[in-house]
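The values are calculated or read from the model by the stated rules, or taken from the named source; none is laboratory data. Here the structure is a predicted model, which is why all the values come from computation and not from measurement. Here Cβ is always computed from backbone atoms with ideal geometry, including for glycine, and neighbour counts include all displayed protein chains.
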Amino acid sequence: MTILIRPHHFLCMLTFLGKGYSAAFVKNYTRIVERLNTGEDIKIVDGPDDICKPMLHEAGHHCHNGSVKARDGIASRRIHDLLGLDLMTGQHLKLTGAQVETLRKAYENGAFRVACDGCQWQDMCTSIAASNYRGCRLNPDHEPENG
């Protein structure tokens, strides 16, 4: 199967400890991270993704807000500059442990903070990065398949 991910969630996944908006959200997010850890394919989407699903039934949830779409654009450009990954809608990729490590170092050094401006989780994520990502669940150990 393929996991649908919007660009700014690449940053959110770096600090995921198993906390979130609701029990259903955390359960869903945990399953997604477990799938990513096994090397499952990712497809980039424009707008709400598989992580957003448990929240979409709530009226006015932020997944559709312009500020979140702007966050996607910033994250996409910064990740491209750092890793050379094109996070364009429809693009398929696999996330490697080396890429996660590079993203985490860049996040620690502030390279992505502008993409996180206004996010209610920003302080918590900063604290997690300062703890050397202790307890974070995203730890892919696979390498992408050739061909």
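Pull up region 1-29, narrow it to residues that are part of a loop (DSSP other than H, G, I, E, B) and among the basic types (Lys, Arg), then point me to the one that is farthest from GLN91 (Cα to Cα).
Taking the candidates together, the pick is LYS19.
Only one residue in ASP81, ASP72, ASP49 is modelled with pLDDT under 95, charged (D, E, K, R) and closer than 20 Å to GLY18 by Cα, so which one is that?
ASP49
Given the condition touching a Pro at 6+ places or on another chain (Cβ under 9 Å), within 15 Å of ILE3 (Cβ to Cβ) and not basic (Lys, Arg), answer yes or no: does some residue in region 53-71 qualify?
Checked against the condition, which is being touching a Pro at 6+ places or on another chain (Cβ under 9 Å), within 15 Å of ILE3 (Cβ to Cβ) and not basic (Lys, Arg), region 53-71 yields no hits at all.
Hey, can you tell me all the residues within region 30-78 that are in a helix (DSSP H, G or I), of a type in the set (Gly, Ala, Ser), in contact (Cβ under 8 Å) with a residue 12 or more places away in the chain and surrounded by fewer than 19 Cβ atoms within 10 Å (Cβ to Cβ)?
Listed by number, the residues that qualify are SER67, GLY73.
In region 80-107, how many are within 22 Å of SER131 (Cα to Cα) and buried (at least 16 other Cβ atoms within 10 Å of the Cβ)? Reasoning before the result, please.
Initially, region 80-107 is screened for residues within 22 Å of SER131 (Cα to Cα), giving 96-107.
Narrowing the set further to residues that are buried (at least 16 other Cβ atoms within 10 Å of the Cβ) leaves 96, 99-100, 103-104, 106-107.
Looking only at that region, the number is 7.
Within region 85-103, count every residue that is assigned to a loop (DSSP other than H, G, I, E, B) and of a type outside the set (A, V, I, L, M).
6
As an exercise: evaluate ALA111 against (1) within 16 Å of the chain's Cα centre (by Cα); (2) among the hydrophobic types (A, V, I, L, M, F, W, C); (3) more than 17 Å from THR15 (Cα to Cα) and give the number of the one condition it does not meet.
(3)
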